[in-house]
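Just so it is clear, none of the values below were taken in a lab; they were calculated from the coordinates. Note that the structure is a prediction, hence the values are computed from the model and not measured. Neighbour counts are summed over all protein chains in view; Cβ atoms, including those assigned to glycine, are modelled from backbone coordinates with ideal geometry.
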Amino acid sequence: MSLYITSLNSGSNGNCYYIGNEHEAVLIDAGISCRETERRMRRLGLPMQKIRAIFITHEHTDHTRGTEYISRKYHLPVFITAKTHRHSRMKLDPALVNSFSSDTPVHFGGLSVNAFPKRHDATEPHSFTVSGDGITVGIFTDIGTACEHVIHNLSRCHAAFLESNYDEMMLETGSYPVYLKRRIRGDDGHLSNMQALELFTTYRPPFMSLLVLSHLSAQNNHPEIVYDLFSKNANGTRIVVASRYEETEVFCIEENNVISQKHQPRGNNKGRATNLPSPTSGNGSGQVSLFLE
Ligand SMILES: [Zn+2]
Ligand SMILES: [Zn+2]
């Protein structure tokens, strides 16, 4: 058996990650609009009806933007902590709101979703792993520090979405104000390329077949830099860079260390996201408040 995973969007303009088996799936964050989520799912051949729940990592709008509408339209339960819900100001149907805790997995058919706390500039930030059929996939974005929880969970994953937010030199020499640079670099900010690389090379288990580098900064990073850096150190793991403008392929993760592609949205990009802006999608930033999201 297999798990099917894709990044529907990844970056400070919106995050939404799909993890499912043949029968059911969950979304980790719903940070792009309902319409765009539907459009990208359709292009990938993934039915919305397969989704059983949305899990929210933290209240920043790039992780929540589409949640209200998707939940209402598809009657989907939203798993969110009470504090995160309050700070998000989302108006969710109370009947669809569920909390979660880091020591209690949530089950949907053959899938189980596990939460753990992480360091980030938000009220009660969590990351998740999703397991099924002996396979575990981790979603690790918006992480200031690679704490023991991140390390423990990454070392169990057959595939992972891992934040590689900024290139140190680009951030240092870039135009962001000093206070913002400090926040991004801080223990509650984001992981740099080198921090993510060290985490990966030190704690990658031998059975990790796919690493999807995620939540790249538009201003302080470039997909080519990230792809080249990780490819040189991949040690057999396939490297993909998630785009902030379009979905990735659907990757089929199997226990025997093999991945295959189920659907490709567009021509074969050999695992590299082009990350070129499409005419219909801006980067959604331009406001300082978005930069740390
Ligand atoms: Zn974010
Ligand atoms: Zn954030």
**Message:** From Cα pairs below 8 angstrom and at least 6 apart in sequence, can you work out the relative contact order of the chain, rounded to a whole percent?
**Reply:** 20 percent
**Asked** Given R₀ = 41 Å, FRET efficiency for T202-R72 by Cβ-Cβ distance, to 0.05?
**Response** 0.45
**Prompt:** Treating the beta-carbon of each Lys and Arg as +1 and of each Asp and Glu as -1, no other charges, what is the dipole magnitude of the range 43-147 about its Cα centre, to the nearest 20 debye?
**Reply:** 340 debye
**Asked** Expressed as a whole number of Å, what is the distance separating the alpha-carbon centroids of the range 24-81 and the range 140-183?
**Response** 24 Å
**Message:** I need the phi-derived Karplus couplings for the range 129-135: 6.51 cos²θ - 1.76 cosθ + 1.60, θ = phi - 60°, integer Hz, Gly and Pro marked x.
**Reply:** 10, 10, 10, x, 6, x, 10
**Order by protection proxy (mean Cβ within 10 Å, highest first), peptides 196-203, 162-169** = 162-169, 196-203
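In the range 2-273, what is the count of Lys pairs whose alpha carbons are under 21 Å apart, counting only pairs at least 8 residues apart or on separate chains?
Details: K50/K73; K50/K262; K73/K91; K83/K91; K83/K118; K118/K181; K232/K270; K262/K270.
Counting lysine pairs in the range 2-273 gives 8.
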**Message:** Please list, ordered by chain and number, the residues whose modelled amide H lies under 5 Å from the amide H of N233; skip anything fewer than 5 residues away on the same chain.
**Reply:** none
**Message:** I need the phi-derived Karplus couplings for the range 168-182: 6.51 cos²θ - 1.76 cosθ + 1.60, θ = phi - 60°, integer Hz, Gly and Pro marked x.
**Reply:** 4, 5, 5, 5, 4, 8, x, 8, 5, x, 4, 4, 6, 4, 5
**Prompt:** Once a ≥ b ≥ c are taken as the square roots of the eigenvalues of the Cα gyration tensor of the chain, is the result rounded (a/c under 1.5), prolate (a/b larger than b/c) or oblate (a/b not larger than b/c)?
**Reply:** rounded
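Mind putting a number on the dipole of the chain about its Cα centre? Charges go on the C-beta only, +1 for Lys and Arg and -1 for Asp and Glu, and I need it in Debye to the nearest 20.
Details: 29 positive and 30 negative charges, 132 e Å.
So the dipole magnitude of the chain works out to roughly 640 debye.
Please give the net charge around K181, taking every other residue with its beta carbon less than 11 angstrom from that of K181, where Lys and Arg add +1 and Asp and Glu add -1.
Values: positive: R182, R183, R185; negative: E168, E172.
Within the 11 Å Cβ shell, the charges total +1.
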**Item:** Sum of side-chain charges, F108 neighbourhood, beta-carbon under 14 Å (Lys, Arg +1; Asp, Glu -1)
**Value:** -1
**Item:** Distance in nm between pseudo-label sites at Q219 and S112 (7 Å out along the Cβ direction from Cα)
**Value:** 4.3 nm
**Asked** Each label point is 7 Å from the Cα along the Cα-to-Cβ direction; what then is the distance between the points at E255 and N233, in nm?
**Response** 3.1 nm
**Complete:** Checked the range 94-220 against the a/c 1.5 cut and the a/b vs b/c comparison, axes a ≥ b ≥ c from its Cα gyration tensor; verdict oblate
